[in-house]
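Each remark here refers to the structure printed beneath this line.
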Amino acid sequence: MAKFKVFIDGEAGTTGLRIRERLSLRDDIELLTINPEYRKDKEERRKLINSSDITFLCLPDEASIESVSLLDKNNKHTRIIDTSTAFRCDPNFAYGFPELGDKFKNNIKTNQLIANPGCYATGFISIAYPLVNLSILPSDYPFSANAISGYSGAGKKGISQYEDKERSIEFDAPRLYAMGQTHKHLKEMQYIAGLKNKPLFNPYVCDFYEGMIVTIPFYKDKMKKEMSLEEIHKAFSDFYKDSKFVRVMPLVNTGTESGFISANHLAGYDYLEIYIAGNDERVSITAVLDNLGKGASGAAIESMNIALGLDETLGLAL
């Protein structure tokens, strides 16, 4: 059986390692490797990129931009899936969130260049995009979101800080960051969800390895049309009814039967759950996902499967 050739440019990072680990278990994939001595050599990377069917870019923004430039102009075969923030708002790139609709999925099928969504952005957009596109909230509503992530999202340096036995006690508690409202996912959140303004965003990194919660609250009297909690839940359920990767959970006014939900209960899985709760005045919608799964490597492999015409769930944990 012919195998698809896959190159991971930046395979030593958290996302690259997870993608490699998953693909190494598949018998339809041939992983192309680069000698560590040449991992920054442009010509060696050019050769591997252009000889692949799929190249994943697991690099900082500037390095991803350089790698895309190494794709030969006459190469219409290699598909690029970039996991950095460099191209997520670039109209020349398909946005790798097929659950948002046929347009998104078809773009992944046909476009040579694909931008993988950010982890926080995935949670936010899974809620905000339907709210705006189903005319539940206006695009100029002052969106806000609170979010919690495991420390694996902080990269190698952050992981080493959290796993240092001599670490400061400040790492024992949730830590708020990006307080200047300059988080790198904000531009993507606004652009993809079709918002007039960037949302107010408060992300926290916490002392657990992987998992994520993103919550968007809003006032019902600011909605474009009067809807009950049950009607909002039905609208979301209908929007994602054909999705295997986004699941709208049963409606409970308190969110869950216990009234609690953990940020890490989907660790190791590649799907996302949406919880809708509230009362007659206010609504709270929460997305739960694995920041390394649907928020990173899982989403990238899902896009790869779609781009190659394979079962989109192949090799993913559902």
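The values are calculated or read from the model by the stated rules, or taken from the named source; none is laboratory data. Everything quoted here is computed from the prediction, not taken from an experiment. Every residue, glycine as well, gets a Cβ built from its backbone with ideal geometry; the counts of neighbours run over all protein chains shown.
Number of residues in region 160-215 that are of a type outside the set (A, V, I, L, M), without any contact (Cβ under 8 Å) to a residue 24 or more places away in the chain and either under 14 Å from Ala145 (Cβ atoms) or in a helix (DSSP H, G or I) (or both): the value is 6. Within region 109-126, restricting attention to residues that are crowded, with 24+ Cβ neighbours inside 10 Å and among the aliphatic types (A, V, I, L, M), the residue that is farthest from Ile216 (Cα to Cα) is Ile114.
Checking each residue in region 18-50 for being assigned to a loop (DSSP other than H, G, I, E, B) and either β-branched (Val, Ile, Thr) or touching a Leu at 6+ places or on another chain (Cβ under 7 Å) (or both) picks out Ser24, Thr33, Ile34. Look at region 224-251: where a residue is free of Cβ contacts under 8 Å to residues at least 60 places away in the same chain and a partner is among the hydroxyl-bearing types (Ser, Thr, Tyr) and in a helix (DSSP H, G or I), sitting 6+ places away or on another chain with Cβ atoms under 9 Å, you get Val248/Ser237; Leu251/Ser237.
In the condition set (1) surrounded by fewer than 23 Cβ atoms within 10 Å (Cβ to Cβ); (2) in a loop (DSSP other than H, G, I, E, B); (3) at pLDDT 95 or above; (4) in the same structural domain as Phe143 (by TED's automatic domain parsing), Phe260 is compliant with all but (3).
Do we have Ser52 as hydroxyl-bearing (Ser, Thr, Tyr) and closer than 25 Å to Val246 by Cβ here? No: the conditions fail for Ser52.
With respect to (1) touching a Cys at 6+ places or on another chain (Cβ under 6 Å); (2) within 19 Å of Lys105 (Cβ to Cβ); (3) part of a loop (DSSP other than H, G, I, E, B); (4) not hydrophobic (A, V, I, L, M, F, W, C), the lone exception for Asn291 is condition (2). Could we say that Ile108 is among the aliphatic types (A, V, I, L, M) and under 28 Å from Asp311 (Cβ atoms) here? Judged against the criteria, Ile108 is a match. Any residue at all in region 175-184 that is among the aliphatic types (A, V, I, L, M) and crowded, with 21+ Cβ neighbours inside 10 Å? Within region 175-184, not a single residue is among the aliphatic types (A, V, I, L, M) and crowded, with 21+ Cβ neighbours inside 10 Å. With respect to the conditions (1) assigned to a helix (DSSP H, G or I); (2) of a type in the set (A, V, I, L, M, F, W, C); (3) in contact with a strand residue (DSSP E or B) (Cβ under 8 Å, 6 or more places away or on another chain), Ile114 falls short on a single one, namely (1). Assess whether Gly268 counts as being under 15 Å from the mean Cα position of the chain (by Cα), without any contact (Cβ under 8 Å) to a residue 60 or more places away in the chain and assigned to a loop (DSSP other than H, G, I, E, B). Considered against the rule, which asks whether it is under 15 Å from the mean Cα position of the chain (by Cα), without any contact (Cβ under 8 Å) to a residue 60 or more places away in the chain and assigned to a loop (DSSP other than H, G, I, E, B), Gly268 comes out as yes. Out of all the residues in region 142-159, which are outside any loop (DSSP other than H, G, I, E, B) and surrounded by fewer than 15 Cβ atoms within 10 Å (Cβ to Cβ)? Ser144, Gly155, Lys156, Lys157 - these are the residues of region 142-159 that are outside any loop (DSSP other than H, G, I, E, B) and surrounded by fewer than 15 Cβ atoms within 10 Å (Cβ to Cβ). Restricting region 275-318 to residues that are under 20 Å from Pro117 (Cβ atoms) and of a type in the set (S, T, N, Q) leaves a set whose member that is surrounded by the most Cβ atoms within 10 Å (Cβ to Cβ) is Asn291.
Restricting attention to region 256-290, the residues that are more than 16 Å from Ser126 (Cβ to Cβ) and among the charged types (D, E, K, R) total 4. Say whether the condition of being under 18 Å from the mean Cα position of the chain (by Cα), of a type in the set (D, E, K, R) and not in a helix (DSSP H, G or I) is met by at least one residue in region 1-8. Scanning region 1-8 turns up no residue that is under 18 Å from the mean Cα position of the chain (by Cα), of a type in the set (D, E, K, R) and not in a helix (DSSP H, G or I).
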